[in-house]
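The values are calculated or read from the model by the stated rules, or taken from the named source; none is laboratory data. A quick note: this is a predicted structure, and the numbers were derived from the prediction, not measured. All Cβ positions, glycine included, derive from the backbone under ideal geometry; neighbour counts span all protein chains shown.
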Amino acid sequence: MDKAKLEKYKNRLLEAKVEILKELELEREYVNYNDQGDLVDLADGVINNEVLSRLSDMDVDKLKQIEVALEKIEKGTGYGICEGNGKKIPEARLNHIPWARYTIEYAEQMEKNRR
């Protein structure tokens, strides 16, 4: 992949990283703000915190994938190459999910194998 495209994807990855970090900080502030109140408020807060925790886990996983992609770009070690089959990940997929580690076909095969 040429340098201009790598730079474009690097910038998109950095933007996604910043957005996730902002969301995580807002969630943390929400949890801290809602720690007070009566039993109903506390129960509602526990439920909301559970939902936010699950969302945060997904965000943390996405953040890790973004870091892996950024590291590949920095080291020049196969950004845009499927980790499963070694094929080039189509640019259309990278435009949609710049942290993609697998081609759609390989990701679908992995999902079938999990079932």
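Show the residue pairs that are 6+ apart or on different chains and have beta-carbon atoms under 9 Å apart, the first residue being within segment 14-26 and more than 20 Å from GLU74 (Cβ to Cβ), the second being assigned to a helix (DSSP H, G or I).
Cβ pairs passing all conditions: GLU23/LEU55; GLU23/SER56; GLU23/ASP59; LEU24/SER56; LEU24/ASP59; LEU24/VAL60; LEU24/LEU63.
Using beta carbons and a limit of 6 Å, which pairs, at least six apart or on different chains, have the first residue in segment 62-73 and touching a residue at least 40 places away in the same chain (Cβ under 8 Å) and the second one part of a helix (DSSP H, G or I) and of a type outside the set (A, V, I, L, M)?
Pairs that qualify, where the first residue is touching a residue at least 40 places away in the same chain (Cβ under 8 Å) and the partner is part of a helix (DSSP H, G or I) and of a type outside the set (A, V, I, L, M), are ILE66/LYS17; ILE73/LYS10.
Given the conditions (1) at pLDDT 95 or above; (2) more than 19 Å from the chain's Cα centre (by Cα); (3) among the hydrophobic types (A, V, I, L, M, F, W, C), report the number of the one that ILE104 does not fulfil.
Result: ILE104 fails condition (2) only.
Looking at segment 74-101, which of the residues that are among the β-branched types (Val, Ile, Thr) and more than 11 Å from the chain's Cα centre (by Cα) is surrounded by the fewest Cβ atoms within 10 Å (Cβ to Cβ)?
Within segment 74-101, the match that is surrounded by the fewest Cβ atoms within 10 Å (Cβ to Cβ) is THR77.
So which residues in segment 57-73 are among the aliphatic types (A, V, I, L, M), surrounded by 15 or more Cβ atoms within 10 Å (Cβ to Cβ) and under 10 Å from the mean Cα position of the chain (by Cα)?
The answer is LEU63, ILE66.
Among the residues of segment 69-91, how many are of a type in the set (A, V, I, L, M) and assigned to a helix (DSSP H, G or I)?
Adding up the residues that qualify gives 3.
For segment 35-48, check the following and say yes or no: at least one residue is of a type in the set (A, V, I, L, M, F, W, C), surrounded by 10 or more Cβ atoms within 10 Å (Cβ to Cβ) and at pLDDT 95 or above.
no
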